[in-house]
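Heads up: the structure comes next, in C-alpha cells.
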Amino acid sequence: MPRSIATRTGDDGTTSLLHGQRVPKDHPQVEAVGAFDELNAAIGAVKPQLASDSRGAEVRDLLTTVQKDLVALMGELACAEADAARYATSKFKKVSDADVRRLDEAVAGLERRGLKFDDWATPGGNARAAALDLARTAARRAERRLTALPAQGRRVRPELRQFINRLSDLLWLLAREAEQ
C-alpha cells in the first residue's frame, strides 16, 4: 500500500528538518523554506502566462532552471546547522557561483534590451507583468527570511544571498519587459 502524505507527525505543531531533527513549524528555518516554496509556486504561476514564441520559451526555460535551483536552496535551508557539514558533502545539488552568474547574465541581457522605466513600477499592466511582480515580492520576502537566519544560529552561504538578490532583480526586469 502506498505511503500517505498525511503522516500526522506534525499534528503537535512540529516538523522535521532534512536529517530528522524536529522543530516547531514556525521555526526560522521552516519559515525560510516556506517562503522559498511560495516563491517557487509563484514562478510556476508565471510560466503559463508566457508567450508561445521563442522569447517565451527562453524565459520559460530560465524560470524552470531557477525553480530547480530553488529546490536545491530549500534543501540546504532545511538542514539543521549541526548537519550542515554532512549536507555540504552530500550528492544533493547546491546553488553555486555558476547559478548566480546565470542570473547576472540574464539581468544584463534584459538591461541591453533597453527597457524603459523611470520610477517605481505600478504592478498590473497586464496579467504576465502582475504575475512576475507577485513572484518578485515573494522573492524579496524569501530574501528577508534568509537574511534573518544567521541571527538564529544558521549560517548562510554567500551564494544563497547573491542568488536570491539577483533573482529578485531578474523578476523585476521581466515584469517591466512584460509591460512593454
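Every number in this text was worked out from the coordinates using simple rules, so none of it is lab data. Computed from a predicted model, the values in this text were never measured in an experiment. Cβ: placed from backbone, ideal geometry, glycine included. Neighbour counts: every protein chain shown.
Within segment 80-94, take every residue that is in contact with a helix residue (DSSP H, G or I) (Cβ under 8 Å, 6 or more places away or on another chain) and part of a loop (DSSP other than H, G, I, E, B) and give me the one that is nearest to residue 22 (Cα to Cα). Within segment 80-94, the match that is nearest to residue 22 (Cα to Cα) is 80.
Of the residues making up segment 145-180, those that are part of a helix (DSSP H, G or I), among the charged types (D, E, K, R) and in contact (Cβ under 8 Å) with a residue 24 or more places away in the chain are 145, 159, 166, 169, 176, 177, 179. Taking the options 44, 114, name whichever one is of a type outside the set (A, V, I, L, M, F, W, C), assigned to a helix (DSSP H, G or I) and farther than 27 Å from residue 155 by Cα. Every option except 44 fails the conditions.
Let's see how each residue does on (1) of a type in the set (Asp, Glu); (2) within 11 Å of the chain's Cα centre (by Cα); (3) surrounded by fewer than 17 Cβ atoms within 10 Å (Cβ to Cβ):
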{"residue": "5", "(1), (2), (3)": "no, no, yes"}
{"residue": "12", "(1), (2), (3)": "yes, no, yes"}
{"residue": "15", "(1), (2), (3)": "no, no, no"}
{"residue": "23", "(1), (2), (3)": "no, no, yes"}
{"residue": "33", "(1), (2), (3)": "no, yes, no"}
{"residue": "47", "(1), (2), (3)": "no, no, yes"}
{"residue": "51", "(1), (2), (3)": "no, no, yes"}
{"residue": "54", "(1), (2), (3)": "no, no, yes"}
{"residue": "70", "(1), (2), (3)": "no, yes, no"}
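Quick check on this structure: which one of 141, 112, 101, 136 is within 19 Å of residue 38 (Cα to Cα) and either of a type in the set (Phe, Trp, Tyr) or free of Cβ contacts under 8 Å to residues at least 40 places away in the same chain (or both)? Explain how you work it out, then say what you get.
Working: 141 fails: either of a type in the set (Phe, Trp, Tyr) or free of Cβ contacts under 8 Å to residues at least 40 places away in the same chain (or both); 112 fails: within 19 Å of residue 38 (Cα to Cα); 101 fails: within 19 Å of residue 38 (Cα to Cα).
None of the others qualify; the one that does is 136.
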